[in-house]
Amino acid sequence: MTIKALRDQSLPMRHIVHVRNHIISTDGSVEEGGNDAGPSPHDLYDAALSACKALTVVWYAKRKNIPLEHVEVSMERDASEERQGTYRLAATLHLTGDLTETQRAELLSAAQKCPIHKLMTSVTTEITTVLG
């Protein structure tokens, strides 16, 4: 799969990202010299984890016939030590439905095993950048 980010020259930093048949607008914050016309790449990174946890919980609940009605994932970022090599994300799951404590624990465990969580914590990612 190819993902493309194309500059939108109507704003100083805004880019339009094409993912399959989807379009995402991304921009820098005003403090970074952008217009805040979309989430920043950091926001998208964090959002990927949040969305993955939510989707994984829904998938797991359906698979196990757990009566989950709603899931919300709140993600908090602490980038204060990012330049020193530590980037902290804290996810809070809000689950509703007629759930037992055992089911809630199962869903929490499933969220902690989502594919993006694994990519961020236990996989070596190799990145190459070339001129085209």
Residue in region 61-85 that is surrounded by the most Cβ atoms within 10 Å (Cβ to Cβ), counting only those that are closer than 14 Å to ASP46 by Cα and not hydrophobic (A, V, I, L, M, F, W, C): ARG77
Taking ILE16 as meeting all but one of (1) under 24 Å from LEU89 (Cα atoms); (2) under 21 Å from the mean Cα position of the chain (by Cα); (3) aliphatic (A, V, I, L, M), write down the number of the exception. (1)
Assess whether ASP27 counts as being outside the structural domain of LEU93 (by TED's automatic domain parsing) and either of a type outside the set (Phe, Trp, Tyr) or surrounded by 12 or more Cβ atoms within 10 Å (Cβ to Cβ) (or both). yes
Quick one: which of ALA5, ALA48, ALA61 is under 18 Å from THR96 (Cβ atoms) and small (Gly, Ala, Ser)? ALA61
Give region 20-34 a look and list any residue that's touching an Asp or Glu at 6+ places or on another chain (Cβ under 7 Å) and of a type outside the set (A, V, I, L, M), or say none. ASP27, SER29, GLY34
Any residue in region 88-108 that is outside any helix (DSSP H, G or I), under 30 Å from PRO12 (Cα atoms) and not assigned by TED's automatic domain parsing to the domain that holds LEU6? yes
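The values are calculated or read from the model by the stated rules, or taken from the named source; none is laboratory data. Computed from a prediction, not measured in an experiment: that's the story for all the values here. So basically every Cβ, Gly included, is an ideal-geometry build from the backbone, and we count neighbours across all protein chains shown.
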